[in-house]
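Enquirer: Would you mind keeping the following structure in view while I ask a few things?
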Amino acid sequence: MTTVVLCGMPSEKETLAKAFPGTLVLSGTDKLNLPGLIPDACTRIVSMGVCGGLSPDLSVPDVALATAVVDHAGAGMPTDPAWNASATAAARAAGIALHPVPYYSSGLFDEADTVDQRTAMYKRYGTHAIDDESRFVVAEAVRRKVPFNVVRPLSDDYRDTLPLMARGKIMNPDGSANIPYLLTALGQDQGEGAESVFTVAANYRRSLEVLEALAKALAGLIAR
């Protein structure tokens, strides 16, 4: 079997590529060209990296394991339950608990930046976590008729309203930081009730530490 991994930001790719030598790890704008980048020999696509929380059942840095991925229209596609079971066992052996939950990904930015947005999405879709990349994994896996899975630690959760400088525009298309936007946002009101920038950064570091441990635990499964 040949597994391909998709994540979001360069820091996530660096962590995953180190844990999965010999495995193709894609990130950033790669999500827009999966048909051209993923080899024909691919037999599974896994979405890793970090994610945001939508429900009170998950908090930073819990690891969400998608049972299905729901899109903006409310349509859901199931993940591979056999792989989920193997991942759960491998993670448990490393002392990491995975939380199987319905998951949301539409590929749209800024859908869950505030507490009110997260609450509304949880009520509407019944999904517990969200990211921007998994929707593209689902589409490509369906096109190729191969299984897919999503396993990601939370870098922010249902209680968080992200500051302006941590929202969609902070990301360049390749997943790197948009420095001009960051400098502009620093001088603006970050939004009522927004978490401090320092809290956001600390939570992201925590999620990356868990991602690193998770990747090590799943290395054998990814390499199959």
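The values are calculated or read from the model by the stated rules, or taken from the named source; none is laboratory data. Here the structure is a predicted model, which means the values were calculated and not measured. All Cβ positions, glycine included, derive from the backbone under ideal geometry; neighbour counts span all protein chains shown. When the accessible area is computed, the model is the full protein with side chains, heavy atoms only, and any ligands, DNA or RNA have been set aside. Shrake-Rupley method; radii C 1.70, N 1.55, O 1.52, S 1.80 Å.
Enquirer: Heavy-atom accessible area of SER59 with all protein chains present, probe 1.4 Å, nearest 10 Å²?
Expert: Counting only protein heavy atoms, the figure is 40 Å².
Enquirer: Now, a different point. Note down, for segment 83-144, the three equivalent ellipsoid semi-axes (square root of 5 times each alpha carbon gyration tensor eigenvalue), biggest first, whole angstrom.
Expert: Sorted largest first and rounded, they come to 24, 18, 10 Å.
Enquirer: Then there's this: Among 130-137, 5-12, how do they line up by average Cβ neighbours within 10 Å per residue, starting with the highest?
Expert: Peptide ranking by packing, descending: 130-137, 5-12.
Enquirer: While we're looking at this one, here's another question. By a straight-distance test (C-alpha under 13 Å), which aspartates and glutamates pair with LYS31 as possible cross-link partners, with residues fewer than eight away in the same chain excluded?
Expert: Answer for LYS31, where 13 Å is the Cα cut-off: ASP131, ASP132, GLU133, GLU140, ASP174, listed by chain and number.
Enquirer: Still on this structure, I have one more. Below 11 angstrom from the Cβ of PRO147, what's the summed charge of the other residues (Lys, Arg +1; Asp, Glu -1)?
Expert: +2
Enquirer: Show me, bin by bin at 5 Å from 0, the whole-percent P(r) of segment 11-151 based on Cα pairs.
Expert: The calculated distribution, bin by bin, is 2, 10, 19, 23, 23, 14, 7, 2, 0.
Enquirer: Pairs of Cα atoms under 8 Å, at least six residues apart: use those to get the relative contact order of segment 111-160, whole percent.
Expert: After rounding, I find 44 percent.
Enquirer: Now for a separate question. Straight-line reach from LYS123: which lysines have a Cα under 21 Å away, not including same-chain ones fewer than 8 places off?
Expert: Once the sequence-local lysines are set aside, nothing remains near LYS123.
Enquirer: In whole angstrom, note down how far apart the Cα centers of segment 132-146 and segment 112-129 are.
Expert: Cα centroid of segment 132-146 versus Cα centroid of segment 112-129: 22 Å apart.
Enquirer: Continuing with this model, one more query. Compute the orientation-averaged projected area for segment 18-100 from the convex hull of its Cα atoms and round it to one decimal in nm².
Expert: The Cα convex hull of segment 18-100, projected and averaged over all directions, gives 7.2 nm².
Enquirer: In debye, nearest 20, what is the charge dipole magnitude of segment 83-138 about its Cα centre with +1 on Lys and Arg Cβ and -1 on Asp and Glu Cβ, if you could check?
Expert: Dipole about the Cα centre, nearest 20: 340 debye.
Enquirer: For segment 4-111, give the magnitude of the charge dipole about the Cα centre (Cβ charges: +1 Lys/Arg, -1 Asp/Glu; no others), in debye to the nearest 20.
Expert: 320
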